[in-house]
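Q: Can you keep this structure in mind? I'll have questions shortly.
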Amino acid sequence: MFTEVSNKKVSWDPNWQEKYVDMIVTPEEAVSHIQPGSRVFIGTGCAQPQRLVKALVARHADLADIEIVHLLTLGEAPYAQKELTDHFTVNSFFIAQNVRHIIQEGLGGYTPIFLSDIPRLFKTGQLPLDVALIQVSPPDEDGYCSYGVSVDIVKSASENARLVIAQVNPQMPRTLGDCFIHAHDIDFLVPVDEPLIEFPTVKPDEVTREIGQYIVGLIEDGSTLELGIGRIPQAVLEFLGDKKELGIHTEMLTDSIIEPIKKGIITGSRKTLDKGKIVASFAMGTKRLYEFLDNNPMFAFYPTEYVNDPFVIAQQNKMVAINVALEVDLTGQVCADSLGTKFYSGIGGQVDFNRGAARSNGGKAIIALPSTAHNGEVSRIVCHLSKGAGVVTTRGDVHYVITEYGVAYLHGKSVQERALALISIAHPKFRERLLMEAIEAKYVRPELADFKNKIVIGPRDIRTTYVCEDGTAVTIRAVHPTDEPRVRELFYSLSQESLYKRFMSRMKWVPRKQVQEFVYIDHRNEVSIVATVPAPDGEDIIAMGGYYLNPKTNRAEVAFVVQDEWQNRGIGSFLFRHLVNIARRNGIAGFTAEVLRENKAMQAVFERSGLKVESQLHEGVYSYIINFE
């Protein structure tokens, strides 16, 4: 269990201003060295050097054609004003709220680029920097200042800019890792003692909670997490519950990281790289987080070229990347940086981490988003991306997509499987329209129009596990719309005898329409559950059961089938008991069933169920009535 350290010793040299007196200037004196036509980099996020920015803008009358370059800033952006466009032009790698208006009006620039590639722009001179305005902690006794809460691309910018001006703030935490710059590598030191910009954690709403719980269901003990920018990834930390020995390798940290560390959920003990360390490149939070980070050896801040390197990310076992989207189309294309033709945010590290996690041993690449926008009036799952919308994560890169209605796994799936999976996690009021649009686009077969109200994921609480006597774990879950091929494979794998016992007729195969009726159900009057075991391509369905309710009698007809090689292992009995529990929860009074006289196995399941069972034999078929009371 982590114990918070109190009464920390000051981590910087209290006499630093005497040692470096010749380098110390006021904000106004420092920015007076910036010439017209310069390209000026501004430090990231909550480490934005606000006093230097204000001083720069204050002398705008003496400046022209200043290009302001930054990743993302959270403080005021006084340079992003219409009346100052002759003096300052914004060029942002990620669009924050403070500059969004100027960029969407065409008076500023957005450079779409993978976060891992930005340092190379500076280093190679493709985007040369004249000035870097940064904020650091005061020098320690050896003269080293920490970049504090923003290392990201700030380190590379500082190393490659012609002129480096640093706002030196004793309230900047001294973070550890590859995050130091020597005072003599800075041209001007500007002492400023003021609180850092704070970024309070937004409490998750009900939709965010639902999404968070689905995400946590995919996180295994010992996983290493990346939590992208946005409410959803950060909210995941609140739902980790009884997870154990998790690690962190991420771009951004917020206050949400603190409690899981204190509870011992996050230890980093099973990380492949940087074992025992929480690795990040910047932090956006409150004073509580900044104090927690100060001189804390559990944290290691590294620049973007390390943290976002897909090769580094892929080396972590069970790497889970969690990022967000604005829109996802039915083929799996992810838009995350624009609303139609209007640029909204940025590519950021989504692709870096998505690709890294996908190549990790046991890794998972997750895209999460609410199913709707504009108070439920607009679906975020769409047949085609909005006109002008950009693709950040391609359909070839996408793996998991999650909304508050469930999880869709797309990687390696056909367009039809993708479309059905995504429709099933869209908001219910948009599913029918999405299905008809998918049929029109020739993404799915036209006969699926008959099931337009039944493209849906079953309830999460149906999922359970059955363990065979030999220790084999069998997963029991609700049938999914993308299960049609595997259900078909199940029926093809059955012997003629098993087919005859299940369908009470001689048949060489089960018609496609009948398979679809097992798969596309409403999960209210109809319930289908499947038993699965792991397979190289995901999972194999080895058994299936379900019931169909007759509302007039409040009884449901029940049936199930088990693949021949898995029979006589208790799976059929377990499926039946699970269906009984589901039916009871749904207020159903009992089951009915038709069973061939020679089907002794199914008869035994009913007779040994412990329920009140009545049966009548007529022309070789037993008619069962099973009461739950």
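The values are calculated or read from the model by the stated rules, or taken from the named source; none is laboratory data. Just so it is clear, the structure is predicted and the values come from calculations on it, not from any experiment. Backbone-built Cβ (ideal geometry, glycine too); neighbour counts: all protein chains shown.
Q: Have a look at VAL558, VAL533, VAL510 and point out the one that is under 25 Å from ILE625 (Cα atoms) and within 39 Å of the chain's Cα centre (by Cα).
A: Details: VAL533 fails: under 25 Å from ILE625 (Cα atoms); VAL510 fails: under 25 Å from ILE625 (Cα atoms).
Of the residues listed, the single one that is under 25 Å from ILE625 (Cα atoms) and within 39 Å of the chain's Cα centre (by Cα) is VAL558.
Q: Would you confirm whether any residue within segment 388-405 is outside any loop (DSSP other than H, G, I, E, B), touching a helix residue (DSSP H, G or I) at 6+ places or on another chain (Cβ under 7 Å) and either modelled with pLDDT under 95 or surrounded by fewer than 18 Cβ atoms within 10 Å (Cβ to Cβ) (or both)? Steps first, answer last, please.
A: Residues of segment 388-405 that are outside any loop (DSSP other than H, G, I, E, B), as a first pass: 393, 400-403.
Now drop any that are not touching a helix residue (DSSP H, G or I) at 6+ places or on another chain (Cβ under 7 Å), which leaves 393, 401-403.
Now narrow it down to the ones that are either modelled with pLDDT under 95 or surrounded by fewer than 18 Cβ atoms within 10 Å (Cβ to Cβ) (or both): none.
So far as segment 388-405 goes, no, none of its residues is outside any loop (DSSP other than H, G, I, E, B), touching a helix residue (DSSP H, G or I) at 6+ places or on another chain (Cβ under 7 Å) and either modelled with pLDDT under 95 or surrounded by fewer than 18 Cβ atoms within 10 Å (Cβ to Cβ) (or both).
Q: Next up: How many of the residues in segment 446-455 are over 26 Å from the mean Cα position of the chain (by Cα) and surrounded by 14 or more Cβ atoms within 10 Å (Cβ to Cβ)?
A: Residues of segment 446-455 over 26 Å from the mean Cα position of the chain (by Cα): 446-454.
Narrowing the set further to residues that are surrounded by 14 or more Cβ atoms within 10 Å (Cβ to Cβ) leaves 448, 451-452, 454.
Qualifying residue count, segment 446-455: 4.
Q: Here's a follow-up. Condition check: among the aromatic types (Phe, Trp, Tyr), modelled with pLDDT of 95 or more, in contact with a Leu (Cβ under 7 Å, 6 or more places away or on another chain) and in the same structural domain as CYS179 (by TED's automatic domain parsing). Does PHE114 satisfy that? Steps first, answer last, please.
A: Details: among the aromatic types (Phe, Trp, Tyr): yes; modelled with pLDDT of 95 or more: yes; in contact with a Leu (Cβ under 7 Å, 6 or more places away or on another chain): no; in the same structural domain as CYS179 (by TED's automatic domain parsing): yes.
Judged against the criteria, PHE114 is not a match.
Q: Restricting to segment 121-152, what's the tally of residues that are among the small types (Gly, Ala, Ser) and more than 20 Å from LEU253 (Cβ to Cβ)?
A: Here is the first cut: in segment 121-152, the residues among the small types (Gly, Ala, Ser) are 125, 132, 137, 143, 146, 148, 150.
Then keep just the ones that are more than 20 Å from LEU253 (Cβ to Cβ); that gives 125, 132, 143.
Result for segment 121-152: 3.
Q: I'm told ALA604 meets every condition in (1) outside any loop (DSSP other than H, G, I, E, B); (2) closer than 23 Å to VAL456 by Cβ; (3) of a type outside the set (Asp, Glu) except one. Can you identify the failing condition by its number?
A: If we test ALA604 against (1) outside any loop (DSSP other than H, G, I, E, B); (2) closer than 23 Å to VAL456 by Cβ; (3) of a type outside the set (Asp, Glu), just (2) comes out false.
Q: Follow-up question, since we're still on this one. Answer yes or no: is there a residue in segment 130-146 that is in contact with a helix residue (DSSP H, G or I) (Cβ under 7 Å, 6 or more places away or on another chain) and within 29 Å of ASN354 (Cα to Cα).
A: Initial filter on segment 130-146 (in contact with a helix residue (DSSP H, G or I) (Cβ under 7 Å, 6 or more places away or on another chain)): 132-134, 138-139, 143, 145.
Okay, now just the ones that are also within 29 Å of ASN354 (Cα to Cα), so none.
No, because not a single residue in segment 130-146 is in contact with a helix residue (DSSP H, G or I) (Cβ under 7 Å, 6 or more places away or on another chain) and within 29 Å of ASN354 (Cα to Cα).
Q: Restricting the search to segment 175-203, which residues are modelled with pLDDT under 95 and of a type in the set (S, T, N, Q)? Walk me through how you get there before you give the answer.
A: Start the filter on segment 175-203 by keeping residues that are modelled with pLDDT under 95, which leaves 199-203.
Passing the criteria: only THR201.
Q: Restricting attention to segment 595-629, and to residues there that are touching a residue at least 40 places away in the same chain (Cβ under 8 Å) and loosely packed, with under 13 Cβ neighbours inside 10 Å, which single residue is farthest from VAL561 (Cα to Cα)?
A: Among those residues, the one meeting the criterion is GLU629.
Quick grid of which residues meet (1) at pLDDT 95 or above; (2) over 30 Å from ILE266 (Cα atoms):
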| residue | (1), (2) |
| --- | --- |
| LYS8 | no, no |
| ILE34 | yes, yes |
| ALA47 | yes, no |
| ALA58 | yes, yes |
| LEU84 | yes, yes |
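Q: Further, regarding this structure: Which residue, of VAL312, VAL328, is part of a helix (DSSP H, G or I) and either in contact (Cβ under 8 Å) with a residue 24 or more places away in the chain or buried (at least 24 other Cβ atoms within 10 Å of the Cβ) (or both)? Give the steps one after another, and end with the answer.
A: Working: VAL328 fails: part of a helix (DSSP H, G or I).
Among VAL312, VAL328, only VAL312 is part of a helix (DSSP H, G or I) and either in contact (Cβ under 8 Å) with a residue 24 or more places away in the chain or buried (at least 24 other Cβ atoms within 10 Å of the Cβ) (or both).
Q: Then there is this: Just to be sure I understand, how many residues within segment 120-130 are without any contact (Cβ under 8 Å) to a residue 60 or more places away in the chain and either part of a loop (DSSP other than H, G, I, E, B) or among the basic types (Lys, Arg) (or both)?
A: 3
Q: Please count how many residues of segment 228-276 are among the hydrophobic types (A, V, I, L, M, F, W, C), under 21 Å from ARG355 (Cα atoms) and over 18 Å from the mean Cα position of the chain (by Cα).
A: In the first step, residues of segment 228-276 are kept if they are among the hydrophobic types (A, V, I, L, M, F, W, C); the result is 229, 232, 235-237, 239-240, 246, 248, 252-253, 257-258, 261, 265-266, 273.
Now drop any that are not under 21 Å from ARG355 (Cα atoms), which leaves 229, 232, 236, 246, 248, 252-253, 273.
Pick out the ones that are also over 18 Å from the mean Cα position of the chain (by Cα) and you get 273.
Looking only at that region, the number is 1.
Q: Another one. Listed residues GLY106, GLY143, GLY125; which is under 26 Å from ARG174 (Cα atoms) and either among the hydroxyl-bearing types (Ser, Thr, Tyr) or out of contact with any Asp or Glu (no Cβ under 7 Å at 6 or more places or on another chain) (or both)? Steps first, answer last, please.
A: Details: GLY106 fails: under 26 Å from ARG174 (Cα atoms); GLY125 fails: under 26 Å from ARG174 (Cα atoms).
Result: GLY143 is the single residue among GLY106, GLY143, GLY125 that is under 26 Å from ARG174 (Cα atoms) and either among the hydroxyl-bearing types (Ser, Thr, Tyr) or out of contact with any Asp or Glu (no Cβ under 7 Å at 6 or more places or on another chain) (or both).
Q: Would you confirm, using the coordinates I've provided, whether SER615 is at pLDDT below 95, more than 22 Å from GLN496 (Cβ to Cβ) and not in a loop (DSSP other than H, G, I, E, B)?
A: yes
Q: Follow-up question, since we're still on this one. Can you pull out every residue in segment 44-94 that is touching a residue at least 60 places away in the same chain (Cβ under 8 Å), closer than 22 Å to PHE343 by Cβ and either assigned to a loop (DSSP other than H, G, I, E, B) or assigned by TED's automatic domain parsing to the domain that holds GLN350 (or both)?
A: Across segment 44-94, the qualifying residues are THR44, GLN48, LEU71, LEU72, LEU74, GLY75, PHE93, PHE94.
Q: Among the residues of segment 104-119, count how many are part of a helix (DSSP H, G or I) and either buried (at least 18 other Cβ atoms within 10 Å of the Cβ) or under 24 Å from the mean Cα position of the chain (by Cα) (or both).
A: Of the residues in segment 104-119, the ones part of a helix (DSSP H, G or I) are 104, 115-119.
Adding the requirement that they be either buried (at least 18 other Cβ atoms within 10 Å of the Cβ) or under 24 Å from the mean Cα position of the chain (by Cα) (or both) leaves 115-119.
Result for segment 104-119: 5.
Q: Considering each residue of segment 287-309, count those that are more than 25 Å from GLY346 (Cα to Cα), in a loop (DSSP other than H, G, I, E, B) and among the acidic types (Asp, Glu), and give that number.
A: Total meeting the criteria: 1.
Q: A further question on this structure: Return the residue satisfying two criteria in turn: it lies in segment 220-242 and is at pLDDT 95 or above and crowded, with 18+ Cβ neighbours inside 10 Å, and of such residues it is nearest to MET284 (Cα to Cα).
A: Filtering first and then ranking leaves GLU226.
Q: Conditions: (1) more than 28 Å from ILE257 (Cα to Cα); (2) crowded, with 18+ Cβ neighbours inside 10 Å. GLY143 meets all but one. Number of the miss?
A: Among (1) more than 28 Å from ILE257 (Cα to Cα); (2) crowded, with 18+ Cβ neighbours inside 10 Å, GLY143 violates only (2).
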